[in-house]
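J.: Here's a structure for you.
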Amino acid sequence: MIREPQHPLRVFSGVQPTGRLHLGNYLGALTKFVALQDQHECVFCVVDLHAITVRQEKSMLAANTREIAAAFLAAGVDPKRAIIFVQSAVPAHAELAWILNCTAKMGWLERMTQFKDKAGKDKERASVGLFTYPVLQAADILAYKTTHVPIGEDQKQHLELSRDIAERFNREYDVPGFFPSPEPLTQGPGARIMSLKDGTIKMSKSDPSDLSRINLDDSPEQITKKIKKATTDPDGLPSTVEGLAGRAGASNLVGIYAALAGCSNAEVLAQFGGQGWGMFKPALAELAVAKLSPVATRFSRYQNDPAELDRVLADGAARAHAISAPILREVRDIVGFWKA
Ligand code: AMP
Ligand code: TRP
C-alpha cells in the first residue's frame, strides 16, 4: 500500500443501513475489511447519515443499523481490534461535512454518476443531502485522516472526489499535507459482482428481482436455486480468460467462483474450462453455500443479541470520537473559528 510518510496508515470504510446485504457487499467490502484488520488500524462505520439522503422508515432505520453491525461481526470483523460504530453517534462527521461543503465545488458534484442514477429523471425533487452525499463521504474519511479505503468499484468516483476535496482544503487553507490523499483499495476478484439475471448491471439491493442477488441470509436452498437460474449463454466454460470476453453472465459466475475460492479467473478456468454450466453451477452453488452458511449462522446469532450489538457500537463510538475529535479541533483552528 502507498503511504504518505507523515500519515500513519489508517483504514476506513462505510456501509449504508438501507436493506439486506448481498454477495456483492460481502465480496466487495466485508471480506476485505476482515483481511485488513490483522495488519492495520481499521475503522468501520454504519453510515446512517448517508441513508437518510433518501427517505427512510423510522421504524426500520435502527433495525437496519444493527443489521449492518451484525453483518460486520458475522463476516469476521473483530471489535477488539477494529472499531465498529454508527456515523450519527460521532459528531465529527456532520460537522466536517459542513466545512467541506464549503470547499467542494458544485461542478464536481454535478459529475457524480451515483447522484444521477439515484436522483433519476426528477432531479428537482432529490434531497440536497443526496447531492452533497459524496462530501459527507469525504468527511467520514478525512475526519480520521484515513489513508486507505476498501470499497467496491462503484465507489471509485466518490473516492477521487474525497482526494480532490482533501487536496483543495490543504491548498485553500495553506496547510500542505494536513489531510492525506486517501487511496481506494478496490483490487481483488470481488470488486464488481454483477446481477445473476443480467451480467451487465451490478448486483444491488435495489434490484426488484430477488433472483438477481444472493443475500447474506439466504438459505442453502435459495442460494442453490438462484445460481441454477443465473443467466449464462449456450456455450460452456472457455479454457482461457480471453474466452470470457463479451460474455457478461459467464464472466460474472467465474468471477464469483474465483472470489469465493480466493483464486484467479484463470485458475477457475484451468479447472472447469470445456465443461458445461450443468457441471459448473452445482460446483459454484456448493462453494457458495460452504462459504456463506457459517456467515449466515453467525449473522442470525448476532441479530438475536441486540444488547451485545449495542455494547460493540457504544464502545466503537467512543473510540471513533477519541480519534476524530482532536482532528476536528485542528480543523476548527485551521479555518479560524472562534474558540474560548
Ligand atoms: P452499499 O451497500 O451500497 O453501501 O455498499 C457497501 C459496500 O459494498 C461498498 O464498498 C460498495 O462498493 C460494495 N458493493 C456494493 N455492491 C457491490 C457489488 N455488486 N460488487 C462489489 N462490491 C459492491
Ligand atoms: N457511499 C458508500 C456506499 O454507498 C458508503 C460510504 C459512506 C463509504 N461513507 C464512506 C464508503 C466512507 C467508504 C468510506 O457504498
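The values are calculated or read from the model by the stated rules, or taken from the named source; none is laboratory data. Worth saying up front: this structure is predicted, and the values here are computed from it rather than measured. All Cβ positions, even for glycine, are placed from backbone atoms using ideal geometry, and neighbour counts span all protein chains on display.
J.: Looking only at residues that are more than 13 Å from ligand 2 (Cβ to nearest atom) and closer than 18 Å to residue 312 by Cβ in the range 4-50, which one is surrounded by the most Cβ atoms within 10 Å (Cβ to Cβ)?
T.: Per the stated criteria, the residue is 37.
J.: Given 181, 206, which one is at pLDDT 95 or above and of a type in the set (S, T, N, Q)? If you could, list the steps in order and put the result at the bottom.
T.: Working: 206 fails: at pLDDT 95 or above.
Residue meeting the stated conditions: 181.
J.: Are any residues in the range 165-186 under 13 Å from the mean Cα position of the chain (by Cα) and part of a loop (DSSP other than H, G, I, E, B), and if so, which ones? So that I can check it myself, show each step before the final result.
T.: Within the range 165-186, the first condition is being under 13 Å from the mean Cα position of the chain (by Cα), and the residues that meet it are 184-186.
Passing the criteria: only 186.
J.: Those residues that are more than 18 Å from residue 284 (Cα to Cα), within 20 Å of the chain's Cα centre (by Cα) and part of a loop (DSSP other than H, G, I, E, B), I need them from the range 201-222; list them, please.
T.: Selection gives 201, 204, 205, 206, 207.
J.: Which one of these does residue 230 not meet: (1) farther than 24 Å from residue 48 by Cβ; (2) of a type in the set (A, V, I, L, M); (3) within 11 Å of ligand 2 (Cβ to nearest atom)?
T.: (3)
J.: Under the condition of being within 11 Å of ligand 1 (Cβ to nearest atom) and touching a helix residue (DSSP H, G or I) at 6+ places or on another chain (Cβ under 9 Å), which residue from the range 134-156 is modelled with the lowest pLDDT?
T.: If we filter the range 134-156 for residues that are within 11 Å of ligand 1 (Cβ to nearest atom), which is where we start, we get 137, 149-156.
Keeping just the survivors that are touching a helix residue (DSSP H, G or I) at 6+ places or on another chain (Cβ under 9 Å) gives 137, 149-155.
Values: 137: 98, 149: 97, 150: 95, 151: 92, 152: 86, 153: 89, 154: 89, 155: 95.
It comes out as 152.
J.: Would you say residue 239 is part of a loop (DSSP other than H, G, I, E, B), within 11 Å of ligand 1 (Cβ to nearest atom) and not assigned by TED's automatic domain parsing to the domain that holds residue 118?
T.: Spelling it out, it is not the case that residue 239 is part of a loop (DSSP other than H, G, I, E, B), within 11 Å of ligand 1 (Cβ to nearest atom) and not assigned by TED's automatic domain parsing to the domain that holds residue 118.
J.: While we're on this one: Testing residue 162 on (1) free of Cβ contacts under 8 Å to residues at least 60 places away in the same chain; (2) over 22 Å from the mean Cα position of the chain (by Cα), one condition comes back false. Which one is that?
T.: So residue 162 meets the others, but not (2).
J.: I'd like to check which helices (runs of 4 or more DSSP H) are fully inside the range 42-145 and have at least 3 residues that are free of Cβ contacts under 8 Å to residues at least 60 places away in the same chain. If you could, list the steps in order and put the result at the bottom.
T.: Numbers: elements: 48-51, 58-75, 92-101, 106-110, 113-119, 128-142.
Fully inside the range 42-145 and qualifying: 58-75, 92-101, 106-110, 113-119, 128-142.
J.: Suppose we filter 235, 207 for residues that are among the charged types (D, E, K, R), over 26 Å from residue 298 (Cβ atoms) and surrounded by fewer than 19 Cβ atoms within 10 Å (Cβ to Cβ); which single one remains?
T.: Answer to the selection: 235.
J.: Quick one: which of 271, 275 is part of a loop (DSSP other than H, G, I, E, B) and either polar (S, T, N, Q) or under 27 Å from residue 32 (Cβ atoms) (or both)?
T.: 275
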